[in-house]
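Enquirer: Quick one: the structure is below, and I'll ask about it shortly.
No lab work stands behind these numbers, since they all come straight from the coordinates. Quick caveat, the model's predicted, so the values are computed rather than measured. Every residue, glycine among them, receives a Cβ derived from its backbone with ideal geometry; neighbour counts consider all protein chains shown.
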Amino acid sequence: MTAALLAVSKLAVRFGGLAAIEDLSFEVNAGEVLALIGPNGAGKTSAFNAITGYLASSRGEIVFAGARLNGLKPHRIAELGLVRTFQKTSVFGGRSALDNVLIGLHLRSTQQPLAILLGLPSVAREEKKLVAEAREILSFVGLGTRADELGNALAYGEQRLLEIAVALAARPKLLLLDEPVSGMNAVERRASWRGSHGSACSASRCCSSSTT
Amino acid sequence: MKKSLTALWLAFLFSLPLWMNNQYVLHVLVVTGIFIVAAISLNLLLGYAGQLSLGHVAFFGIGAYASALTSLGFSVHLTPETVLAIAPKPVWCGMLAAVIASGACGWFLGRLSFKVRGAYFVIVSISFAEVVRLIALNWVELTQGPMALNNIPPLTLWLPGLGEHVFWKKPANYWLVLCIAVVSYVIVRRLVRSRAGRAMVALRENEPLASSVGIDVTRYLVLAAVVSAAMAGAAGALYAHYIRIVDPDVFLFIYTVTMVIMVITGGKGTLAGPVVGGLIFGLMPETLRAFAIPPELQWIVYGVLMVLVVFFLPRGIVPAVQQWWQRRQGSAVPAKAAS
């Protein structure tokens with residue numbers, strides 16, 4: 001048996017005297033879809049925050065693909081291939097849907113500041129490639145026709161899809177979806193499921209949390 | 001269409017000194033141009049990275065002093081025994097020193113803003129500018145303090161075929177400032193239309209989401225601060241070699257305010273914003289003077305116009321015009337389809 005992709009052992013998160021998470025251990029294997037469930041206030045989001053570096057854990061160990069994540073910054077963790085979405089809808093509201101995904105493609109581009117300032121042709125070539133890729137991702141989640149719409153102008157369900165598109169653009173090995181369908185109706189849920197489940201099968205593994 | 005319009009606009013600007021002989025107007029345009037360069041640099045930090053630096057004039061002033069001191073030479077007692085002396089260097093060395101010194105200060109301030117954001121960053125940047133001003137005022141051995149550095153040499157440029165050219169005259173300085181302004185504009189344009197610029201905007205729009213997709217927020221904040229500061233430093237150096245006297249008053253808060261007004265009214269976070277805002281609010285005081293309006297009324301008109309712009313076009317002139325243009329185009333197309 002190979003080692004788990006993500007292994008969380010004896011994780012604890014405390015806010016002063018309040019224990020948000022007492023003792024959490026779980027493993028996610030490659031190719032697996034795992035759901036973290038619990039009532040409101042159970043600490044699902046805190047667990048996600050601690051795993052992805054937004055919260056400091058007070059005890060326990062988090063190992064992802066052989067690397068210890070404790071104490072790493074969120075962007076370093078994303079570089080390792082562990083990408084998360086947020087419980088509250090979180091998009092770049094002032095930018096178009098296409099720009100949102102382009103920002104998500106950050107880790108997939110290689111332009112260096114000096115090359116950008118010199119305006120090397122390699123930068124322009126890569127930009128073209130990135131735009132094509134971003135359009136592909138957008139149509140994959142079903143937002144292909146909404147590419148030029150501002151993030152804020154999208155309907156709620158579409159914003160949640162855009163969130164997933166942004167996270168997918170970062171090419172995660174493991175995707176943590178924090179309540180991906182909260183506040184959605186049945187139709188939107190199905191659409192969102194198509195997006196995230198499709199991605200789980202094609203590109204990455206996902207791990208989602210939801211309230212019971 | 002758009003390209004030829006840009007070319008036409010540039011040709012107009014470059015040919016201006018050929019058919020306009022009014023030296024005073026040229027002087028006003030040169031000074032305005034220098035401030036537009038500074039506003040373009042501020043726009044990178046304020047408009048794209050979303051950090052309000054109210055001490056931006058510090059970089060401008062540091063650039064002015066660094067360039068002036070390098071080209072004049074100086075000697076300072078570091079301790080009573082050791083003396084640091086620099087012989088006068090060519091002016092282009094001074095310009096380079098200005099860019100490097102300001103860029104280094106930008107790096108320092110950018111690193112600092114890793115810890116402090118928002119209102120705290122504003123306060124840190126104001127304090128930074130004030131401290132630099134006090135140093136310039138009191139370190140008399142280096143900066144001559146309130147006696148000012150004077151007799152700063154104008155820029156000399158060696159051109160192939162033309163030999164050495166000294167920038168004494170107004171038209172030469174006008175072209176120089178115009179070239180630097182175009183270069184600054186192109187640098188910012190390249191930056192914001194790349195991965196780096198997107199990272200800066202992402203940090204402005206939604207910092208947690210930006211770091212969740214792997215953007216090193218600090219790195220891009222520092223990059224924005226360094227490029228912005230270096231550009232402001234270049235503007236400061238231009239100012240020093242054009243006006244040819246630098247005193248601690250270049251660090252006055254009012255200059256920062258002028259730059260912020262140019263950026264905000266023109267439209268922060270747009271490429272053309274600081275240029276449009278800079279042209280309007282840089283040229284207006286002189287235009288009003290030309291109409292022989294009494295000075296107190298000039299500033300009232302200036303203030304009222306600024307309030308009107310901010311009140312009715314809160315996002316700035318350029319975004320408002322763009323929106324109006326798009327709406328016109330949008331309504332024109334269905335009308336055509338109907339007929």
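Enquirer: What is the dipole size for the protein assembly as shown, taken about its Cα centre, with +1 at each Lys and Arg Cβ and -1 at each Asp and Glu Cβ, in debye to the nearest 20?
Expert: Here the size comes out at about 1160 debye.
Enquirer: Within 10 Å of each Cβ in peptide B:199-210, how many partner chain Cβ atoms are there on average? Round it to a whole number, please. All intermediate terms of the calculation are to be shown ahead of the outcome.
Expert: Values: counts 3, 0, 5, 9, 1, 3, 9, 11, 1, 8, 12, 8.
That average works out to 6.
Enquirer: While we're looking at this one, here's another question. Going by a ≥ b ≥ c, the root eigenvalues of the Cα gyration tensor, does the stretch B:22-252 fall in the rounded group (a/c under 1.5), the prolate group (a/b larger than b/c) or the oblate group?
Expert: Verdict is oblate for the stretch B:22-252.
Enquirer: In the stretch B:118-155, which residues have a backbone nitrogen under 16 Å from the label point lying 7 Å from B:HIS77's Cα in the Cα-to-Cβ direction?
Expert: B:139-144
Enquirer: I've got another one for you. Starting at the first residue of the stretch B:38-46, write each ³J(HN,Hα) from the Karplus equation 6.51 cos²θ - 1.76 cosθ + 1.60 with θ = phi - 60°, in whole Hz, x for Gly and Pro.
Expert: The phi angles translate into 4, 5, 4, 5, 5, 4, 4, 7, 7 Hz.
Enquirer: Still on this model: Could you list B:TRP19, B:TRP168 in order of exposure, starting from the residue whose Cβ has the fewest other Cβ atoms within 10 Å?
Expert: By the 10 Å Cβ count, ascending: B:TRP19, B:TRP168.
Enquirer: In what sequence do B:LEU26, A:LEU154 fall when counting other Cβ within 10 Å, fewest first?
Expert: Sorted ascending by nearby Cβ count, the order is B:LEU26, A:LEU154.
Enquirer: Among A:LEU177, A:LEU118, A:LEU72, determine the one that fluctuates most according to a GNM of chain A built with springs between C-alpha atoms less than 10 Å apart.
Expert: Between A:LEU177, A:LEU118, A:LEU72, it is A:LEU118 that shows the largest mean-square fluctuation.
Enquirer: Continuing with the same structure: With a 10 Å cut-off between alpha carbons and a GNM built on chain A, which of A:SER96, A:SER25, A:SER122 moves the most?
Expert: A:SER122
Enquirer: With all distinct Cα pairs included, what does the Kirkwood hydrodynamic radius of the stretch A:1-147 come out to in Å, to one decimal, could you say?
Expert: It works out to 17.9 Å.
Enquirer: Sticking with this structure for a sec: With springs only between Cα atoms under 10 Å, which of B:LEU18, B:LEU149, B:LEU178 fluctuates most in a Gaussian network model of chain B?
Expert: B:LEU18
Enquirer: A further question on this structure: Which of rounded, prolate or oblate describes the stretch B:1-150 when judged by the alpha-carbon gyration tensor and an a/c cut-off of 1.5?
Expert: oblate
Enquirer: Using only DSSP helix segments of four residues or longer, with each worth -39500 (n - 2.57), what per-residue ellipticity at 222 nm results for chain B after dividing by its residue count and rounding to 500?
Expert: Calculated mean residue ellipticity at 222 nm is -24000 deg cm²/dmol.
Enquirer: What is the projected area of the convex hull of the Cα atoms of the stretch B:255-309, averaged over all directions, in nm²?
Expert: Projected area, direction-averaged: 3.7 nm².
Enquirer: If we count every other residue with Cβ under 10 angstrom of B:LEU26's Cβ, Lys/Arg +1 and Asp/Glu -1, where does the sum land? Numbers along the way, then the final one.
Expert: Numbers: positive: B:LYS169, B:LYS170; negative: none.
Charge balance in the 10 Å sphere: +2.
Enquirer: Looking only at other chains, what is the average number of their beta-carbon atoms within 10 angstrom of each beta-carbon in A:99-106?
Expert: Shielding by partners across A:99-106 averages 6.
Enquirer: Amide H to amide H under 5 Å from B:HIS165: which residues, 5+ apart in sequence or cross-chain, H placed 1.01 Å off N in plane?
Expert: For B:HIS165, whose amide H was placed from the backbone, the distant partners under 5 Å are B:LEU157, B:TRP158, B:LEU159.
Enquirer: Please compute the length gained on full extension between B:ARG189 and B:GLU141, using 0.36 nm multiplied by the number of residues separating them and subtracting their Cα-Cα distance.
Expert: 13.2 nm
Enquirer: Expressed as cubic angstrom per residue, what is the convex hull volume of the alpha carbon set of the stretch B:233-339?
Expert: 161
Enquirer: Let me ask something else. Hey, with R₀ at 51 Å, roughly what FRET efficiency would B:TYR24 and A:ALA56 work out to, going by the Cβ-Cβ distance, to 0.05? Could you put the intermediate results ahead of the total?
Expert: On the way: r = 62 Å, r/R0 = 1.22.
It comes to 0.25.
Enquirer: Modelling each spin label as a point 7 Å along the Cα-to-Cβ direction, I'd like the B:VAL321/A:ALA12 distance in nm, to one decimal.
Expert: Reported label-point gap for B:VAL321 and A:ALA12 is 6.3 nm.
Enquirer: What are the ³J(HN,Hα) couplings of the stretch A:48-54, residue after residue, when phi is run through the Karplus curve with 6.51, -1.76, 1.60 and θ = phi - 60°? Round to Hz, x for glycine and proline.
Expert: 4, 4, 5, 5, 8, x, 7
Enquirer: What is the packing order of peptides B:212-224, B:302-314, B:248-260, A:57-69, taking the mean over residues of other C-beta atoms within 10 Å and listing the highest first?
Expert: Sorting B:212-224, B:302-314, B:248-260, A:57-69 by mean packing, highest first, produces B:212-224, B:248-260, A:57-69, B:302-314.
Enquirer: Straight-line reach only, C-alpha to C-alpha below 22 angstrom: list the lysines that A:LYS44 could link to, leaving out same-chain residues fewer than 8 apart.
Expert: A:LYS10, A:LYS73, A:LYS88, A:LYS173
Enquirer: Compute the helix-to-body angle for B:170-192: its Cα long axis versus the longest principal axis of chain B, expressed 0 to 90° and rounded to tens.
Expert: 60
Enquirer: In sequence order, what are the phi-derived ³J(HN,Hα) couplings for the stretch A:167-174 according to the Karplus relation 6.51 cos²θ - 1.76 cosθ + 1.60 with θ = phi - 60°, rounded to whole Hz, with x for glycine and proline?
Expert: 5, 5, 4, 6, 6, x, 7, 9
Enquirer: Would you kindly give the portion of the calculated P(r) for the protein assembly as shown that falls above 34 Å, as a percent of all Cα pairs?
Expert: Of all Cα-Cα pairs in the protein assembly as shown, 49 percent lie more than 34 Å apart.
Enquirer: Still on this structure, please answer the following. Provide B:THR82, A:THR45 in ascending order of the number of other Cβ atoms located within 10 Å of each residue's Cβ, fewest first.
Expert: Values: B:THR82 8, A:THR45 20.
Listed from fewest to most nearby Cβ atoms, that is B:THR82, A:THR45.
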